[in-house]
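Quick note: the coordinates plus some simple rules give every number you see, no bench work behind them. Remember, it's a predicted structure, so these values are computed and weren't measured experimentally. Here Cβ is always computed from backbone atoms with ideal geometry, including for glycine, and neighbour counts include all displayed protein chains.
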Amino acid sequence: MNALRKRELLLSLKYATIEACFSVPMLNLTTGNLPFALGFGVKGMGWGPTAIGFLAATPHIANFLQPPVTYFLQRRFSLYRIMLFAFVMNAMPWVFIASFPYWTAHRNAVFALIVLASSSANSVCAVAWSASMSELVPLNIRGRYFGRRNLTFGFWTLLVVLAAGQFVDHFHNSMVAFGMVYTLAASMRLTGMFFLTRMKFPPAVKERRDNVAKLADYLSVFRDKNYVWLLLFIGAWGFFLNLGMPFYTVYVLEELPFSMGDMTVLITLTSLGGLASIRTWGALSDRFGNKPVLITCALLWSCSALALWLLAGPARYAHLYLNFFITGFMTAGFQLCQFNLMIKLMPAAGKSHYISVFLAFTSFVTALGPLVGGRLLVLLPHRLGTFLGQPLLSYHLLFVGSLLLCLTSINILQGLREPAERPWRDLVRVMRNMREFNPVLGLASLAQFMFTPRGLGHLARRSVRSLRRQTNAVSDVGGELMEEGWRVLKHPFEKDDEEE
């Protein structure tokens, strides 16, 4: 690589990060399965569980439907032009929300169309963007680069979503306030597109390809057994998690004394959790492989959320602040390693149709989750009894069942083989000496032998003393994680600067 090419690469990586600082906050405000859009559905549109289930499913439905659209566009345009087209189509529909205060007829149907159109454009963009970035970013720095990039845009996402929530809360969730937020969000996405145009991409991205994948190429993905294991895990995890997760927002806003502004504080804590961990997850994935980190994130995420949601109620809800922080802490690593694995397991040729199949298959299975979850909330009795002095609702049953199923789905990863991965025990051994993770590793150990076939055989031989140590470790998780989050916010690049 000559000096000019290296300079172009560095500038492009810089512009990619700036683009994300505008685009990702917009996506966090508009994506149907994320809390702000769900909050708009509950407070702004007055939707019930079935409609909220549809709203949460729309991004996944769009991902499932995108392969023929992607195929059609790639036969006619380059990946670069597809991204530009998708940016515009993803942003512009949200401007129409500003007109909602002035008419009410068919407003629900129009909002559903806006979400579907925007989500479909974003799904097409995700395929083109992932393929383009796999051409641009060198393999040996992907973990570190995407970790630092996610940390940077995560900070701005935190500020934008928090400000948006406080703004609509101040105006009592009025439609005018939501319209202003969504108009601003659309302009941010278009600003991100400007920085995308400043990037320098390889010819494979800027030029139209003559050898566009055929139907047989898409079907050939299912003959790659290693890739199929990843498809099965992400699909199962997405379905089980989304049985309950979209309705966290509904439960918080309808059953607990939280406003829309409070909800965005919880979202902010999720972002803070990601900021506190993302650099470390990137370094660990580069060192030990993505699969061990993915397993760890899934175990810790499921176990902590299971316990904390079960304890939630009208008189006991302060611990949910910790829950959302831990969720963000683990989600950052999960999403980073999922993306890295998807890219890493693909062959050198045919990246677009591998990504397309990945999104379509996993999204089809995941989309069923909120639809089934919404239906279950309608069928189940609202109140099931009491638990520790708090009302036990259908929401609790749905949340706990969802997370238990998530834990069992982790076994699917045992069939996946990642090149150059290191044993999970090596990762845990290193993490025990890191302040970011030491308090929560007890959760991972407990989940490993509670929800794996091999672990069940050893359960009877575990001592009460070991379980007590794990409980003590878990009890300190909040203070340790909050301390690390504050440290990262004060000195986000301190460690990297020392290394350089």
Residues with amide H under 5 Å of LEU392's amide H, sequence separation 5 or more or different chain, H placed in the peptide plane at 1.01 Å from N; which?
LEU384, GLY385, THR386, PHE387
Against the rule of thumb 2.2 N^0.38 Å, how large the Cα Rg of the stretch 30-180 comes out:
1.17
HIS172 versus THR408: modelled label distance in nm, points set 7 Å from Cα along the beta carbon direction:
4.8
Based on other C-beta atoms within 10 Å, arrange TYR182, TYR102, TYR145, TYR251 from fewest to most.
TYR102, TYR145, TYR251, TYR182
Could you check the spin-label model distance between ARG7 and ARG417? Points 7 Å from the Cα along Cα→Cβ, value in nm.
4.6
Work out, step by step, the length gained on full extension between SER187 and HIS382: first 0.36 nm times the residue separation, then minus their alpha carbon distance; give nm to one decimal.
66.1 nm
Linear extension gain, ALA204 paired with GLU254, 0.36 nm per residue minus alpha-carbon span
13.0 nm
Measure up LYS14/LYS225; LYS200/LYS225; LYS14/LYS206; LYS43/LYS291 against 30 Å on the Cα-Cα distance and list the ones that go over.
LYS14/LYS225; LYS200/LYS225; LYS43/LYS291
Per-residue HN-Hα couplings for the stretch 29-36 [Karplus 6.51, -1.76, 1.60; θ = phi - 60°; Hz; x = Gly/Pro]
7, 10, 5, x, 9, 9, x, 5
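Counting other C-beta atoms within 10 Å, which of SER409, SER259, SER132, SER277 has the fewest, and how do the rest follow? Don't skip to the answer; put the middle values down first.
Numbers: SER409 21, SER259 18, SER132 25, SER277 29.
Ranked by crowding around the Cβ, least crowded first: SER259, SER409, SER132, SER277.
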For the stretch 77-163, what are the per-bin percents of Cα-Cα distances with bins 5 Å wide, up to the bin holding the maximum?
3, 12, 14, 15, 20, 16, 10, 6, 3, 2, 0
